[in-house]
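Engineer: Let me give you the structure first, and then I'll get to my questions.
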Amino acid sequence: MAFGVLAYPKISHQDYEFIQDFRKQNDELYYEVVDPHFAFVFPTDTLNETDFVQEIVEKTKGFEPINFEIRCTSINKDSFIDYFHLLLIPDQGHSDIIKLHDKLYSGQLFNDLRLDIDFIPHMGIANSKDKFEVKNWVDQWNANDFIIKGRIDTLTVIEYDGQNLKDIISIDLG
């Protein structure tokens, strides 16, 4: 089994429903698999469950909850499959998310860090093989003044087998 780390952000019910409605129509890969989230550690099978959880608990010590604000979207080409993604990118909280991501990869998971792929803090909410379709979605979102405010106050260790995702344990920040 592979283990990873996600953050299911706390956002308003209205924003959650809006995102989920958009995902239901446009997220053919992950809508049925996982709720809106930020990924901090991508699934790896380097450590067993106990050691992975212990590593994440140790590395999160001293990190406070992260407040964020999202005001824009961007398009991203998937590095592994022939899809393009619409990403919600945080303005506020961006650097804190990167710092926590980097800390989680600073110990036993260091060799799992993909330095060939840029880490962009984001919530992925849509995908398509048609890059122009995704670009159109990005332009529609960015043509409007929107703001999604939220907070990351827990990280969740997940187990992922390539199709199914299961939450293992949540770790409070702060």
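Engineer: If I ask for residues that are open to solvent by 50 Å² or more (accessible area, probe 1.4 Å) and in a strand (DSSP E or B), which ones from segment 61-75 would you list?
Structural biologist: Scanning segment 61-75 gives 67, 71, 75.
Engineer: Can I ask one more? Taking segment 146-174 as the region of interest, how many residues are closer than 22 Å to residue 68 by Cα, out of contact with any Leu (no Cβ under 8 Å at 6 or more places or on another chain) and at pLDDT 95 or above? Reasoning before the result, please.
Structural biologist: Step one: filter segment 146-174 for residues closer than 22 Å to residue 68 by Cα, giving 146-157, 170-174.
Subsequent filtering for residues that are out of contact with any Leu (no Cβ under 8 Å at 6 or more places or on another chain) retains 146-147, 149-151, 157, 172, 174.
Pick out the ones that are also at pLDDT 95 or above and you get 146-147, 149-151, 157, 172.
Qualifying residue count for the region: 7.
Engineer: When both residues are 6+ apart or on different chains and their Cβ atoms are under 6 Å apart, which pairs have a first residue that lies in segment 42-53 and is under 20 Å from residue 98 (Cα atoms), and a second that is charged (D, E, K, R)?
Structural biologist: That search, which allows pairs on different chains as well, returns 44/112.
Engineer: Pick out the one residue from 172, 139 that is acidic (Asp, Glu) and in contact with a strand residue (DSSP E or B) (Cβ under 8 Å, 6 or more places away or on another chain).
Structural biologist: Numbers: 139 fails: in contact with a strand residue (DSSP E or B) (Cβ under 8 Å, 6 or more places away or on another chain).
Every option except 172 fails the conditions.
Engineer: Another question, then. For residue 102, all conditions in the list (1) assigned to a strand (DSSP E or B); (2) in contact with a Phe, Trp or Tyr (Cβ under 9 Å, 6 or more places away or on another chain); (3) under 29 Å from residue 52 (Cα atoms); (4) open to solvent by 60 Å² or more (accessible area, probe 1.4 Å) hold save one; what is the number of the exception?
Structural biologist: Among (1) assigned to a strand (DSSP E or B); (2) in contact with a Phe, Trp or Tyr (Cβ under 9 Å, 6 or more places away or on another chain); (3) under 29 Å from residue 52 (Cα atoms); (4) open to solvent by 60 Å² or more (accessible area, probe 1.4 Å), residue 102 violates only (1).
Engineer: Let me ask something else about it. Check segment 133-150 and report whether any residue there is in a loop (DSSP other than H, G, I, E, B), of a type in the set (Val, Ile, Thr) and within 17 Å of residue 44 (Cβ to Cβ).
Structural biologist: No, that holds for no residue.
Engineer: Cβ contacts < 7 Å: first residue more than 29 Å from residue 108 (Cβ to Cβ) and touching a residue at least 12 places away in the same chain (Cβ under 8 Å), restricted to segment 1-30; second residue assigned to a helix (DSSP H, G or I) and of a type outside the set (Gly, Ala, Ser), any location; separation 6+ or different chain. Result?
Structural biologist: From segment 1-30, the pairs are 26/137.
Engineer: Continuing with this model, one more query. Considering only residues that are open to solvent by less than 40 Å² (accessible area, probe 1.4 Å), within 18 Å of residue 3 (Cα to Cα) and not in a loop (DSSP other than H, G, I, E, B), which ones fall in segment 24-42?
Structural biologist: 38, 39, 40, 41 - these are the residues of segment 24-42 that are open to solvent by less than 40 Å² (accessible area, probe 1.4 Å), within 18 Å of residue 3 (Cα to Cα) and not in a loop (DSSP other than H, G, I, E, B).
Engineer: Quick one: in segment 88-99, which of the residues that are open to solvent by 10 Å² or more (accessible area, probe 1.4 Å) and of a type in the set (A, V, I, L, M) is nearest to residue 74 (Cα to Cα)?
Structural biologist: It comes out as 89.
Engineer: Given the residues 109, 155, 113, which is the only one that is surrounded by 16 or more Cβ atoms within 10 Å (Cβ to Cβ), without any contact (Cβ under 8 Å) to a residue 12 or more places away in the chain and more than 16 Å from residue 22 (Cα to Cα)?
Structural biologist: Matching residue, one of 109, 155, 113: 113.
Engineer: Related question: Out of 127, 136, 142, 111, I need the residue that is touching a His at 6+ places or on another chain (Cβ under 7 Å) and of a type in the set (S, T, N, Q). Which one?
Structural biologist: 127
The values are calculated or read from the model by the stated rules, or taken from the named source; none is laboratory data. For clarity, every value in this text was computed on a predicted model and none was experimentally measured. Here Cβ is always computed from backbone atoms with ideal geometry, including for glycine, and neighbour counts include all displayed protein chains. The area values use the complete protein model at the heavy-atom level, side chains included, leaving out ligands, DNA and RNA. Shrake-Rupley method; radii C 1.70, N 1.55, O 1.52, S 1.80 Å.
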